[in-house]
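I have placed the structure first, in the form of structure tokens, so that the comments after it can refer back to it.
The values are calculated or read from the model by the stated rules, or taken from the named source; none is laboratory data. This one's a predicted model, so the numbers in the text were calculated from it and none came from an experiment. We place every Cβ from the backbone using ideal geometry, glycine too, and count neighbours over all the protein chains shown. Remember, those area values only see protein heavy atoms, side chains included, never the ligands or the DNA or RNA. Shrake-Rupley method; radii C 1.70, N 1.55, O 1.52, S 1.80 Å.
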Amino acid sequence: MKVGGLRDERWLLPPGVDEVLPPHARQLEMMRRRVLDIFHRWGYELVLPPLLEYLESLLNGPGAPLDLQTFKVIDQESGRLMGVRADMTPQVARIDAFHHEPSQGPSRLCYLGTVLHAQPDPFFGSRSPLQLGAELYGHSGVASDVEVMALMVATLEAVGVPNIHLDLGHFGVYRALVAELGLDASVADAVFAALQRKAPDEIAHALSGWPGETRAVEWMTRLAGLNGDRSVLDDVSQAFPDAPCELERSVDEIARLSDAFSARCPHIPLHFDLGELRGYSYHGGPVFAAFVPGVGTEVARGGRYDQTDEPFGRPRPATGFSADLRLLMTLADPPPSSEGDKAIFAPVSEDPELGRTVDRLRAKGERVVEELLGQAEGADRATCDRRLERDGAAWKIVPLDSE
């Protein structure tokens, strides 16, 4: 906005914080309803976690890696430090831990709401994404991972995301190698970051001077390159001939998972990347992400994060996925339906029958825009394609161009 020929900085939004205007706001809302309907039909119950929580709760357990992404404020009531949620998954884990009876077996929870990031996130793009997600608690088998992956695909297809491809990985492979090499936490974190960037030089630098450096660099560099079709799983034994049994168990799990998922969703191409550690460090098992051609980052991601509820006194297996609804809207093909966006124009009139006609039309689901006395814009500006016209004592609908 310019005031007196100068740009007025007061009205600028912070970088990465966006607003949604017509007609996109309505399109986004229609997609939101479609997503929640999908979750409901799959048996997932909607929860609405608070935007703010006390920091010790928000960053406990699975929320710990989100410290740098969390905006922090002082609660004026208690003087305690609070945080604005940067990810809803840890909040939903807390809800499951405190509000679900163990005897009830698996629980399925879903959510959709705005989160706020202190720093830009390559996955979300925006610092204020509209995060959607679904979590399945209380089951540790391949079947629950397959269900969540299939739900992720169904959600993307329901909002019109085309040409979906899935990547599969497993945190257990990386963690088995870290344990075998005896890497301490700081070195493991540096290697973790380098693996996410597929950067061999950074891997070597992170392991520089570590006892057994040659073997460690060789293993982690091989891990970064283990990607491709399903034959990659057969290459693991050759890449790590003396690897621990835990690595073999992880590879066997991802093989069984891919077979079961392909049987359920045979139209979705699978790609394997054992060095892919996307997501948050609370993941501990299979991880998966959806990609579409021409988009440089994943459009949805998820995985297993068993023991997430342990800090709340109730260790419990869990798996889930999340995405940014705003990003999905930009990818939708065909775009969200605009059916019902056009309206009927009701002219100014003192006839009480006009008001009753407008009420009846709206009750039937029609969109009616009423002219206001003295308004400058007519029906065209109001996005109307029809108008009400007096026909004796009644009012009838006629095309706008019939005048």
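A few remarks follow.
- The packing ranking, built from the mean of other Cβ atoms within 10 Å per residue, places the peptides 356-367, 168-179 in the order 168-179, 356-367, highest first.
- Simple label model, 7 Å out from Cα along Cβ direction - K198 to R41, nm: 3.6 nm
- For D242 and N163, a Förster radius of 35 Å and the Cβ-Cβ distance give a FRET efficiency of 0.30, rounded to the nearest 0.05.
- Across the chain, the relative contact order, built from alpha-carbon pairs under 8 Å that are at least six residues apart, equals 18 percent.
- Subtracting the Cα-Cα distance of A150 and H24 from their residue separation scaled by 0.36 nm leaves 42.6 nm.
- Peptide packing: for 19-26, 255-262, the average count of neighbouring Cβ atoms within 10 Å per residue gives the ranking 255-262, 19-26, highest mean first.
- Percent accessible area from carbon and sulfur atoms, the chain, protein chains only, probe 1.4 Å: 53 percent
- From most to least packed by mean Cβ count within 10 Å, the peptides 133-141, 237-245 give 133-141, 237-245.
- Taken along its three principal axes, the alpha carbon spread of the chain comes to 92, 52, 49 Å, from the longest extent down to the shortest.
- Surface accessible to a 1.4 Å probe, K396 within the full protein complex, Å²: 80 Å²
- Accessible solvent surface per residue of the chain, calculated while the other protein chains remain in place, 1.4 angstrom probe, Å²: 49 Å²
- Relative contact order (%) - the stretch 157-281, alpha-carbon pairs under 8 angstrom, separation at least six: 46 percent
- Around R264: net Lys/Arg minus Asp/Glu count, Cβ-Cβ under 15 Å: -3
- Nearest 10 degrees, 0 to 90: helix 24-41 Cα axis against the chain principal axis: 60 degrees
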